[in-house]
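*Asks:* Got a structure for you, written out below as structure tokens; questions coming shortly.
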Amino acid sequence: MIVQTAAVENSGEISTGKLGIWWLIGSEIMIFGGAIGSFILLRLAHPDWADNAGHLSVPIGSLNTLVLLTSSYTMVKAFENVKKRDRKKICRFLLATALMGLVFLGIKSFEYHGKFSHGIYPNTNLFWAFYFTLTGLHALHVIAGITAILILWTFGLRDRLWPPAPGTGTASPGSPGPGIDIIDISNFSDPSIRGGIIRPNVNMSIPGPRWSGGGRPIADRIELVGLYWHFVDVVWIFLFPLLYLTA
Amino acid sequence: MEGNRHQARGNSAHHSHGDEKFIWKYVFSTDHKMIAKQYLFTGLFMALVGAFTAYLMRWQLAYPNTAAPGWGVVTADKFNMLVTMHGTIMVFFVGMPVLVAALSNFVIPLQIGARDMVFPRLNMLSYWVFVASVVCLLASFFVPAGASACGWTGYPPLSASQEYTGIFWGVVLWILALALEFASFTMGGINYLATFMCARAKGLTYSRVPLATWFLVGASLAFFFSVGPLIAGAIMLLLDNVAGTGFYLPQKGGEPLLWQHLFWFFGHPEVYVVFLPGLAAVLEIIPVFSRKPIFGYRTMVWSMAVALALSYVVWAHHMFISGMDPRLAMPFSITTILISVPFAIIIFCMLASLRGGSIRLATPMLWAVGFLVTFLIGGLTGIFLGSAASNIYFHGTYFVVAHFHYTFFPAVFFGGFAAIHFWFPKMFGRMYSERLGKIHFWLTFVFFNCTFWPIFQIGSGGMIRRIADPSQYRILDQFKTLNVFVTISAFILIAGQIVFVINFFWSIFRGPAAEANPFRANTLEWSAASPPPHGNFTAAPVVYRGPYEYSLPDRAEDFVPQNEPPLAQAEGTA
Ligand code: HEM
Ligand SMILES: [Cu+2]
């Protein structure tokens, strides 16, 4: 009997993980689309909101935009080094990206603090309600992105981005030795080894260290998280002019 | 620690199934079939709660201000709460889990020949997030001031500020429950769509995918691209309640209509989210029980696609008299009338598929035909509501209540029961009782119509919806007996479900064992054992043909399973 592929990947080019991320981004686009669309409609109906927008500091906002854009660049660099299998550089760029995300959040909270100290809160009026909701929602996504990046970073530090090369296995006691066919995902294999996209995958069919998700190296996830990070970046590219530059 | 746990699971999954721990097998299962059952049972349980709220409301409408057995007098504020929770539960906590989640989970992987979902743990997570959502909703009955009373549509300003209804926690929990539900079904949707795209068996091209899978995927798509704005809207509604913002509060410069737009941008596709899976089951059943190829396979898939696209631009037909810009009424009337075209095409294809077939009215088929008949009434009465002119008269009356029950009830329960009976042998490995199944169908069919048909008349006569005490309106005195009739019918309708419960549980434990393909159907799920083991198929199925090759002239059998190789190859002749 023909026992092959079938279960997963018959449509070839795109991995399930990537597909999952794209669908996730699709749903996020609808969420932000709804929120931003609502804001635009109401903003058009209220030219007077320009006064409020005037309270936002364009230089600080621009700086933050710059920080986030640069972090997208370092994310790309991390991904580039995945192809080169340069673990050190991957770690460095991941860390840089995460740090810049944190800087972004820091600047954001500085701005928030400034508003609060001037007695401006989400319930002050509708403009500020939108400002805090939109940027707050975006900040939550930044936090999620940073978390994912840092998780990958720790995988990198522990050298778990790729399965150990034969003979140099760092596998823990009890795991099958090198040379044993650990998982043959090209086979009609245990479905439980398919990758999850939320949390680092655990290879459930074998004991040993975590290096394999969905039969693919953890390193592949750098691209997935990168896609998400760029999305978060793009959202900000929309928010910045809509909120700051419409005074 | 964690590693060990997974190790234990992995091993047991690989070697034998007997030693799998109860908690992994039945509670935190990653098996799509078990998750489907979990959704099914949760949904059916919620149906009980939903039916109980319906019972209380109907009691109050027929016998105003008398104590309803098992509860007491339904006061006006409690009536509002019951209406709200009834609508919310029936749509989001029965329709969604039973039709979308249980069916998609069970049917999609089996029909496409996959061993499981591509993200099994995400699948498990989605179920448990849904459980959290159920807990939130049920808890809201017990918090101070009780559950939300703002209608299932949660219109602000009622829902945006405590001052209107006196309910704070109920509303907050209602919003949270919806938020969790949306998160759960977004995870589910990612899974169904990715599985559908990546895990089809060899040879199962898009034009060979069974219609049930197509329509289930369509439902997920409808959900996926409509729910986002409502999530954004729900965040704003939550902030209005807890942070004092005024997105929807006119006195704070907000715009209540914004919510209506966001809600119905989701709400209309949501109707299809519940409807398409019902249709999916019916479409799968018709060819099997009429032993005929389906008529217009491609036409139906494309019609569905067109309907999906249009479903995003009809939402304002719920808002004709809301005070939105009246110039919008015309375009939305037109799109609304347009959207009936693809559905009419689908219905005609179904009728054509039935025509001249050797129809066997077994229980699943009865439900399928019942679905067609009742949904047709729902669809036709929708035309009155879709055109702005007559909508102004009917809006907010029991005519609307009758209309949407004639669409929701067939979708959720006729479609749902069709699916449950049809896939029962596959799901539980046993046969249901045909006799009890038929009794249950006729009870439901007759008393469903007795319950909701008179409501069209009551509504046209001017009874407005969501009123707690019809005896306060002189013009409604004429409907007193009719309302009693409706209520008694509703009670019998609900009581009739006991037959189903008996049949369901008796058959799960005592029914005769089912063979792999009891209905002699073509699609891949019937090539797996009943019930399929963990991993579904012993060998990867390969698909050689479309799903509806019934009664081919050159075949001895009147069906040809999708995984049967072409004749020449099988016989080894040229
Ligand atoms: C057992 C059968 C059912 C009965 C007797 C029943 C009865 C009722 C009644 C009396 C109302 C209140 C009407 C009003 O006062 O305006 C109502 C509202 C509603 N029902 Fe049902 N119903 C049943 C099944 C269903 C099902 C299966 C669904 C959907 C899946 C559903 C969805 C709704 C919705 C969305 C509302 C509107 C709630 C609102 O106004 O906020 N019902 N139903
Ligand atoms: Cu609609």
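*Asks:* Have a look at B:Phe519, A:Ile21, A:Tyr121 and report the one farthest towards the positive end of the charge dipole of the protein assembly as shown, computed about the Cα centre with Cβ charges (Lys/Arg +1, Asp/Glu -1).
*Replies:* Value: B:Phe519.
*Asks:* Output wanted: per-residue J couplings in Hz (rounded whole) for the range B:497-512, from phi through Karplus 6.51 cos²θ - 1.76 cosθ + 1.60, θ = phi - 60°, x for Gly and Pro.
*Replies:* 5, 4, 4, 5, 4, 4, 4, 4, 6, 4, 5, 4, 9, 10, x, x
*Asks:* Rank B:Trp169, B:Gln472, B:Val118 by how far each Cα sits towards the positive end of the charge dipole of the protein assembly as shown (+1 on Lys, Arg Cβ; -1 on Asp, Glu Cβ) and give me just the farthest.
*Replies:* B:Val118
*Asks:* Also, quick follow-up: Take every residue in peptide B:535-542, count the Cβ atoms of other chains within 10 Å of its Cβ, and give the average of those counts.
*Replies:* 5
*Asks:* Another question, if that's okay. When you look at the Cβ of every residue in B:225-234, what mean number of other chain Cβ atoms sits within 10 Å?
*Replies:* Average per residue, whole number: 6.
*Asks:* Rounded to whole Å and ordered largest first, report the semi-axes of the equivalent ellipsoid of the range B:1-285 derived from its Cα gyration tensor (root of 5λ).
*Replies:* Working from the Cα gyration tensor, I get semi-axes of 36, 21, 20 Å.
*Asks:* Sticking with this structure for a sec: Amide H to amide H, which residues 5 or more places from B:Arg545 or on other chains are under 5 Å from it, using H placed in the peptide plane?
*Replies:* Placed amide hydrogens put nothing under 5 Å from B:Arg545.
*Asks:* Further question: Using only the alpha carbons of the range B:458-531, determine the length spanned along each of the three principal axes and report them from longest to shortest in whole angstroms.
*Replies:* Answer, in whole Å and largest first: 62, 26, 17 Å.
*Asks:* Could you tell me which residue out of B:Ala222, B:Ala540, A:Gly101 lies farthest along the dipole of the protein assembly as shown toward its positive end? Charges go on the beta carbon: Lys and Arg +1, Asp and Glu -1, centred on the Cα centre.
*Replies:* The residue sitting farthest along the positive end of the dipole is B:Ala540.
*Asks:* What list of ³J(HN,Hα) values in whole Hz, one per residue of the range A:50-67 in order, does the Karplus curve 6.51 cos²θ - 1.76 cosθ + 1.60 (θ = phi - 60°) give from phi, with Gly and Pro shown as x?
*Replies:* 4, 4, 5, 4, x, 6, 8, 8, 5, x, 5, x, 5, 4, 5, 4, 4, 4
*Asks:* Mind checking the dipole of the protein assembly as shown: about its Cα centre, +1 per Lys or Arg Cβ, -1 per Asp or Glu Cβ, Debye to the nearest 20?
*Replies:* Values: 51 positive and 39 negative charges, 165 e Å.
So the magnitude is around 800 debye.
*Asks:* Between B:Ala68 and residues 5 or more places away or on another chain, which pairs have amide H atoms under 5 Å apart, with H built 1.01 Å from N, and which residues are they?
*Replies:* Residues meeting the criterion, in which the H sits 1.01 Å from N, are B:Val73, B:Val74.
*Asks:* Cα atoms only, the protein assembly as shown: Rg and Dmax in Å?
*Replies:* 27.9, 90
*Asks:* Counting DSSP beta bridges in the protein assembly as shown, what percent are antiparallel, to the nearest 5?
*Replies:* Just about 90 percent of them are antiparallel.
*Asks:* In degrees between 0 and 90, to the nearest 10, how far off the longest principal axis of chain B does helix B:256-290 point, with axes built from Cα atoms?
*Replies:* With both axes taken from Cα atoms, the answer is about 30 degrees.
*Asks:* What are the residues whose amide H is under 5 Å from the amide H of B:Arg430, where those residues sit 5 or more places off or on another chain and H is modelled from the backbone?
*Replies:* Residues meeting the amide H criterion: B:Ala514.
*Asks:* Tell me the Kirkwood radius of the range B:399-454: reciprocal of the mean inverse pair distance over distinct alpha-carbon atoms, in Å.
*Replies:* It works out to 12.4 Å.
*Asks:* Okay, moving on. I'd like the Karplus ³J(HN,Hα) series for the range B:139-151: coefficients 6.51, -1.76, 1.60, θ = phi - 60°, whole numbers in Hz, and an x wherever there's a Gly or Pro.
*Replies:* Karplus values, whole Hz, x for Gly and Pro: 4, 5, 5, 10, 7, x, 6, x, 6, 4, 10, 9, x.
*Asks:* Continuing with the same structure: Placing unit charges on C-beta atoms (Lys and Arg positive, Asp and Glu negative, everything else neutral), compute the dipole magnitude of the range A:29-121 about its Cα centre in debye, rounded to 20.
*Replies:* The calculated dipole for the range A:29-121 is roughly 860 debye.
*Asks:* If every alpha-carbon in the range B:442-574 counts as one equal scatterer, what log10 I(q)/I(0) does Debye give at q = 0.11, 0.15, 0.19 1/Å?
*Replies:* Scattering profile of the range B:442-574, log10 relative to I(0): -0.70, -0.85, -1.08.
*Asks:* Let me confirm one metric for peptide B:190-202, namely the mean number of other chain beta-carbon atoms within 10 Å of its residues' beta-carbons.
*Replies:* Working: counts 9, 4, 1, 5, 13, 4, 1, 6, 12, 10, 5, 4, 5.
Average neighbour count from other chains, rounded to a whole number: 6.
*Asks:* Could I ask something else about it? How long are the three semi-axes of the equivalent ellipsoid for chain B, computed from the Cα gyration tensor as the root of 5 times each eigenvalue, in whole Å, largest first?
*Replies:* 40, 27, 24
All of the numbers you see were taken from the coordinates with simple rules; none came from a lab. Being a predicted model, the structure only gives us computed values, none of them experimental. Heads up, the Cβs are rebuilt from the backbone with ideal geometry, glycines too, and the neighbour counts pull from every protein chain shown.
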